[in-house]
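Take a look at the structure set out below.
The values are calculated or read from the model by the stated rules, or taken from the named source; none is laboratory data. None of these values were measured; they are calculated from a predicted model. Using ideal geometry, Cβ is built from the backbone for each residue, glycine included, and neighbour counts are taken over all protein chains shown.
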């Protein structure tokens, strides 16, 4: 639908006026709406949108996170819920219990399945494999499975040298 005023640009504002029971509709483009001083809705920031989504999808607060603060940046879960922004990369791990269900509801998954930037210098499959191996290595060390840890260490080294 084209703007009823300029008849050039697509109409993105649809104003309905009801006066004395009579309904009148006006369809304007953004520029004509500004020129006619039509009240434009306030623009929302991404943080405001995320914050409102978190409020809408929060089934329950995670009580064990109420007193937890990130040791690196000092961010609390309550502050994250209020602002919609995390303070540092470590916050993802610290607030993981609350973030994973939220991300799954909003995005349908908790792992990235989107496009890869063209300027990516490293093969993402290789980077993902390195991350997986490092995670397994840490688990093996924590569980004192040292032979498995040594094999994982060697696999990581071979993958890095093959770059």
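Results for (1) closer than 29 Å to residue 161 by Cβ; (2) part of a loop (DSSP other than H, G, I, E, B); (3) at pLDDT 70 or above, shown as yes or no for each residue.
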{"site": "85", "(1), (2), (3)": "no, yes, yes"}
{"site": "97", "(1), (2), (3)": "no, no, yes"}
{"site": "101", "(1), (2), (3)": "no, no, yes"}
{"site": "104", "(1), (2), (3)": "no, no, yes"}
{"site": "109", "(1), (2), (3)": "no, yes, yes"}
{"site": "114", "(1), (2), (3)": "no, yes, no"}
{"site": "117", "(1), (2), (3)": "yes, yes, no"}
{"site": "122", "(1), (2), (3)": "yes, yes, no"}
{"site": "127", "(1), (2), (3)": "yes, no, yes"}
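Could you please let me know if residue 72 is in a loop (DSSP other than H, G, I, E, B), modelled with pLDDT under 80 and touching a helix residue (DSSP H, G or I) at 6+ places or on another chain (Cβ under 9 Å)? Criteria not met by residue 72.
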